[in-house]
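The values are calculated or read from the model by the stated rules, or taken from the named source; none is laboratory data. Just so you know, these numbers come straight off a predicted model, no measurement behind them. All Cβ positions, glycine included, derive from the backbone under ideal geometry; neighbour counts span all protein chains shown. Areas reflect the complete protein model, heavy atoms only, side chains present, ligands, DNA and RNA absent. Shrake-Rupley method; radii C 1.70, N 1.55, O 1.52, S 1.80 Å.
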Amino acid sequence: MPSMRGVLAGILVLLAVPGASASASGNDFVPEGAVMLFAPGSAEIGPAARDVLLAFLRPPRPAGFRGHCLRGHADRGPGAQELSQARVRAVAAMMGRQGVDPADVASEAAGDRLPARLAVPGHAEPTNDRVELIPCPGPRLAGVAEAEARALDAAVIPTFVAALAPRLARAMGCEVPEVSHWTLVPPPFACPAEIPRAAVPRLAVQRLA
């Protein structure tokens, strides 16, 4: 998703700590964003962009991701900041007409600072005229940066959990847990009775700012 390229909201650390409780940012939900494209110099939402927005709003989400984060962009040129702001306002207004609570929408205008694709100076790049839609933590928002951090969690955590949990279980002589491909929740370990409960490790996910 373009909004996460070049943005590292935090460093994820997967810890195995005896007796520590596991933490997670969701269950098996993986945030999926969307991109609405605009005509050069325009903030009008065309039919294709409208369909993207409606598809973004349609799927149900868990409580932790019921908000909507918007980031507006524009291709390089004078007035890019104002144009990106106008676009994000237009999208927020259409969301409101679809019944979205304004308190569940966070937005920012990036102007031409974060192009989706670099173009030769003097040449237009249509993919830069866009608004990015990102599922947010909610129902009241922590902001776009937190949304990106949570999306990063969902992209990174499952791989580490799936790789580390079976190794820890085998090393401790415990039953190897089944790990869902998309899980954000580190699994508990079922160990033999001779292993003290306090010595049974639990995986804890932490994000270091």
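Annotations
- Residues located in the range 29-49, provided they are more than 17 Å from Arg89 (Cβ to Cβ), in a loop (DSSP other than H, G, I, E, B) and open to solvent by 70 Å² or more (accessible area, probe 1.4 Å): Glu32, Pro40
- Residue within the range 122-136 that is part of a strand (DSSP E or B), of a type in the set (Gly, Ala, Ser) and either more than 20 Å from Gly33 (Cβ to Cβ) or open to solvent by less than 70 Å² (accessible area, probe 1.4 Å) (or both) present: no
- Every listed requirement among (1) open to solvent by 20 Å² or more (accessible area, probe 1.4 Å); (2) modelled with pLDDT under 80; (3) under 25 Å from the mean Cα position of the chain (by Cα); (4) of a type in the set (A, V, I, L, M) is met by Ala204 save one, (1).
- Of the numbered criteria (1) touching a residue at least 24 places away in the same chain (Cβ under 8 Å); (2) out of contact with any helix residue (DSSP H, G or I) (no Cβ under 6 Å at 6 or more places or on another chain), the one Val120 fails is (1).
- Condition check for Ala55: open to solvent by less than 20 Å² (accessible area, probe 1.4 Å), out of contact with any Phe, Trp or Tyr (no Cβ under 9 Å at 6 or more places or on another chain) and either of a type outside the set (D, E, K, R) or at positive phi (or both): no
- Note on the range 75-104: residues that are open to solvent by 60 Å² or more (accessible area, probe 1.4 Å) and either assigned to a helix (DSSP H, G or I) or β-branched (Val, Ile, Thr) (or both) total 5.
- Filter pass, Asp129 being of a type in the set (Asp, Glu), in contact with a Phe, Trp or Tyr (Cβ under 9 Å, 6 or more places away or on another chain) and modelled with pLDDT of 90 or more: yes
- Only one of the numbered conditions (1) open to solvent by less than 40 Å² (accessible area, probe 1.4 Å); (2) more than 23 Å from Asp51 (Cβ to Cβ); (3) at pLDDT 90 or above is not met by Ala116, and that is (2).
- Sole residue being in contact (Cβ under 8 Å) with a residue 12 or more places away in the chain, within 18 Å of Val144 (Cα to Cα) and either open to solvent by less than 60 Å² (accessible area, probe 1.4 Å) or touching a His at 6+ places or on another chain (Cβ under 7 Å) (or both), chosen from Arg66, Arg61: Arg61
- Take the conditions (1) open to solvent by 40 Å² or more (accessible area, probe 1.4 Å); (2) modelled with pLDDT under 95; (3) out of contact with any Lys or Arg (no Cβ under 6 Å at 6 or more places or on another chain); (4) farther than 17 Å from Cys136 by Cα; Ala22 misses just one of them, which is (3).
- Reported count of residues in the range 162-178, each being in a loop (DSSP other than H, G, I, E, B) and within 32 Å of the chain's Cα centre (by Cα), is 3.
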